[in-house]
Amino acid sequence: MNHTIIFQPSGRRGLVPEDTTILDAARRLGVGIEAVCGEQLVCGKCRVKIMEGSFPKEGITSSMAHLSGLDEKEIKVLKRKDSDENLRLACSTRIKGDVLVFVPEASRTGKQVVSKAAGKIRVSLKPAVRKFYVELPHPSLDDPLGDFERLEQALEEAHGLKKLRIDFRALQRLPDVLRRSDWKVTVTVWQKAEIIRVEAGKVETNIGLAVDIGTTTCAGYLTDLNTGEVIATESMMNPQVRYGEDVMSRITYCMLNEETGLRELQQTIIEGLNAMAKQASHKAGFTPEDISEMTLVGNTAMHHILLGINPEHMGVAPFTPALHQSVDIKADRFGIHILPAGNIHVLPIEAGFVGADNVGCLIADVPHKRKEITLLVDIGTNGELVLGNRDKLISCSCATGPALEGAQIEFGMRAAPGAIERVKIDPETKEPAYKVIGSNRWSDGEANMQAKGICGSAIIDVIAEMFRAGILRKNGQINMECDSKRVRKGEKGVAEYVLAWRHETSIDQDIVVNQKDVRAIQLAKGALYSGCLIMMRRLGLTQFDRLAVAGAFGSHIDKVAAMIIGMFPDCDLKKVKYIGNAAGDGARIALLNVDKRKEANEIARKVEYVELALEEDFNDRFGEAMQFPHMFDPFPHLAGILPPEVLNIEQHV
Amino acid sequence: MATKEKEQELIRRLQDAVIHYKVAEAKKIAEETVASGADAYTVTMEGLAGGMEVVSEKFDSHEYFVPETLLCAKALYAALDVLKPHIKVQAGGTRGQVVLGVMQGDVHDLGKNIIKAIFEASGWTVHDLGRDVPLQKFVEEQLKTDSDIVMLSAMMTTSMVGIKKLIPMIKEKNPKVKIMIGGAPITEKTVEEYGADTTADNAPNALKEAMKMLDTLRRGKAA
């Protein structure tokens, strides 16, 4: 039996079978509801309000009675949050009749501020796709040579192209196009080997799309293959987010839904890519069919899911990927709507947890061609590190988890309007000042800032500032001896610091950073730091020449704050360089230069992967790195910023 | 034979060394204990286990976190390695036996190692299978040792899924055995869904849960 469900404020409605959960119904109808814990009845972020009564305009009568009963666990999670009436958790509530569901602002997956702007790249133009204009002699009874062979001859004469294949989709249209255009055509040739399109007359347009599929956000760069210029940038949330926030939960989704899971996830990202191709091409005044080639980067899980390869095996030790080398595949093989005969080039993979996105970073930042030692840190939902120079490069993956991005944090949220993005704390008064996305002014503790939560960059800021102001001890403990009303025990007796009072927020409650949040950050940054340390040890290094921070999120991190909490080893802050969305830059480079694709394949196999967890002393190093900035390692470059006694440096009298 | 006062002094100093993670000091006190002829069992139980109990309390109250606990465990082992050969085997033993391991496909063993230290310190016999343990191995080890409890650790959702398969395998051979699961992705809901007996979010709680289960088991046997 089917029931009507209507979501507000989006107004989406539809019929769903009995016993569908509200969250599943929301997914089907494209309504974004936060499901941070992956339907584990933990986070309570998916709570929705059920409207009671008859709604003639909508043609339904909605009631709490039209839902599965509340069980103890749900009551427990709901209670923890607030006591408003008619609230339910979307993940566990099943539909038994018609309902009208209101999704409160705090539960909505907001329109994210995605900033994966294209960086400046330097690359010589040698695209895989090129266009050739030719004029063919008309056939006659004396010269009845077939159309393709006629075209072949003309291409050889005019451009020296030999032994070309033709894609059957181009072939099917060839006779008509030739005659319609009076035998003057533009031919699109891929890798000097295959004709993939024949257009009437002279066409200059030659464009491709470079895409970075991130676990959380995706970015597409529509690029003019004649000039190398980006003519449109399009970004979006990875639509797979609704199946789980991180890579592991999506792999698990595939494992638990053997028949359909992988296909669902694959279909979801392909629909996303199609929407992206459409919007980007329209923005620049073209059609998706004008896109002759697409290059893609993404982590190994995103890569496997896109290609419909079961990601289960790369998700468990020994984390083996299905293949390392790059893949070329026709666009219409998976229903990707660019030129149907167009090529999809997926960059190669280094290891199970160091994927094509990292290879993209490498061909963009080229540490393998530098003499100086680079430590490349790509912080996304996972952290990937590369260390070395032209002589040798090693890589590893750090299980940072999504805490650094604001997930697993009580008041964490994505970088969307209402998110606190910068924080300063006065060490004397312990009073904070913060900035919210969408506004330029700093908070004063009085004005309503319409704050909703804390995004990743501010999490790092606030932890660093709390430590600097003495609210956090070196071991991460919240210092209850602080003389401030902002430092207090929360409802469940957990220590917390009030960053924004209720009257400053739009969620009608205080925004706090609690002891558990601090612990989550300690685990994440400890993973990153110990990764750096073990890699340096592996290469016998005590320092590096440059620290390249990649990732859209990485670019928003304050480098002083990052060093205060000890995300990476002490160094001169001048060595820290933000290299932006290097993975996306790498996709563009591969789009524009086929030699770089070869280089990517070579470097992907050359980088030596280090499995951190297998290092004998990993747990010890990991543990030590959880303190601020570190339990033992000295941080001389923070002298003057932090008191000397926490820097582990010998103090001179 | 050491005097009662000497023994008490050793116990107090050993507790202090564990709590304040003084590794070398812990080893030194253990050696002193052996040399003095004090009862190794008493010193272990009261000094080491007593010390770890305080560490657990500090963990509970958020004063200590993973780094401190790891170091405390290190101090604990430094002393235990010295004392163990001198402990006379206790007939029957007051505490139980556990089989402990990290699920197949998972190599994250930090949590498991802390559990091991706390259990060993309080007199449990721990059969540690290590990490990335094939499912069958848990079943075999339980049968071989007749352990009371099997403790399964998973840090990734992908390896957690294996627990669902494993629990029926263990219970089929031995329906009485209790199963505790733990690790970052595990919640109360997992316990229910996978048919485990309990979970704990940190090592001290795991010990409490284990004590409870052991109690139930023994009472069941007595009845």
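Since every read-out is calculated from the coordinates, none of them should be taken as a lab result. In this text the structure is predicted, and so the values were computed from the model without any measurement. Because the Cβ atoms are built from the backbone with ideal geometry, glycine has one as well, and the counts that use them run over all protein chains shown.
Descriptive notes on the structure:
- For region A:315-366, the square roots a ≥ b ≥ c of the C-alpha gyration tensor eigenvalues yield an a/c of 1.5 or more together with a/b not exceeding b/c, which makes the shape oblate.
- Adding -39500 (n - 2.57) for every DSSP H run of four residues or longer, then dividing by how many residues chain A holds, sets the calculated 222 nm ellipticity at -8000 deg cm²/dmol.
- Positive contributions from Lys and Arg (+1) and negative ones from Asp and Glu (-1), summed over other residues with Cβ under 10 Å from the Cβ of residue B:2, come out at -3.
- Pairwise FRET efficiency - residue A:176 versus residue A:149, Cβ, R0 = 22 Å, nearest 0.05: 0.80
- Karplus-derived 3J(HN,Hα) values for region A:247-259, using 6.51 cos²θ - 1.76 cosθ + 1.60 with θ = phi - 60°, are 4, 4, 5, 6, 4, 4, 4, 5, 5, 7, 10, 3, 6 Hz; glycine and proline are entered as x.
- Amide H contacts for residue A:235 (H built 1.01 Å from N in the peptide plane; partners 5 or more residues away or on another chain; cut-off under 5 Å): A:220.
- The phi torsions of region A:603-613, fed into the Karplus equation with coefficients 6.51, -1.76 and 1.60 and a -60° offset, translate into couplings of 5, 4, 8, 7, 5, 8, 8, 10, 8, 4, 4 Hz, rounded to whole numbers, with Gly and Pro shown as x.
- Long-range HN-HN contacts of residue A:330 with modeled amide H, under 5 Å: A:344
- Global form of chain A, assessed from the alpha-carbon gyration tensor, a/c cut-off 1.5: oblate
- Surrounding net charge for residue A:646, when Lys and Arg each add one and Asp and Glu each subtract one, Cβ distance under 13 Å: 0
- Rounded to the nearest Hz, the phi-derived 3J(HN,Hα) couplings of region A:172-181 under the Karplus curve 6.51 cos²θ - 1.76 cosθ + 1.60 (θ = phi - 60°) are 4, 9, 3, x, 5, 4, 4, 6, 5, 9, where x marks glycine and proline.
- Under a 5 Å amide H cut-off, with hydrogens placed 1.01 Å from N, residue A:454 pairs with A:412, A:413, A:420 among residues at least 5 apart or on other chains.
- Cα centre as origin, Lys/Arg/Asp/Glu Cβ charges: region B:97-222 dipole, Debye: 340 debye
- Cross-linked pairs A:606/B:164; A:430/B:22; A:371/A:559; A:45/A:283: Cα-Cα separations exceed 31 Å for A:606/B:164; A:430/B:22; A:45/A:283.
- Which of B:139, B:54 has the fewest Cβ neighbours within 10 Å, and the rest in rising order: B:54, B:139
- Chymotrypsin sites (Phe, Trp or Tyr not before Pro) restricted to region A:592-653 and DSSP loop, no more than 10 other C-beta within 10 Å: A:632
- Charge dipole magnitude, Cβ of K and R +1, D and E -1 - region A:129-200, Cα centre, debye nearest 20: 420 debye
- Nearest-0.05 FRET efficiency for residue A:54 and residue A:102, computed from C-beta distance (R0 22 Å): 0.90
- Compared with the dominant Cα axis of chain A, that is its longest principal axis, helix A:147-159 is turned about 80°.
- Sequence of A:573, A:592 once ranked by neighbouring C-beta atoms within 10 Å, starting from the fewest: A:573, A:592
- Note on residue A:259 and residue A:573: their simple-model spin labels are 5.8 nm apart, each label 7 Å out from Cα toward Cβ.
- If you sort the three axes of the alpha carbon gyration tensor as a ≥ b ≥ c, you get a/c of 1.5 or more for region A:289-397 and a/b no higher than b/c, which makes it oblate.
- With neighbour counts taken as other beta-carbon atoms within 10 Å, the residues A:294, A:236 rank, fewest first, as A:236, A:294.
- Calculated FRET value between residue A:508 and residue A:645, using beta carbons and R₀ = 35 Å, to 0.05: 0.30
- Summarising the strand pairing of chain A, around 70 percent of its internal DSSP beta bridges are antiparallel.
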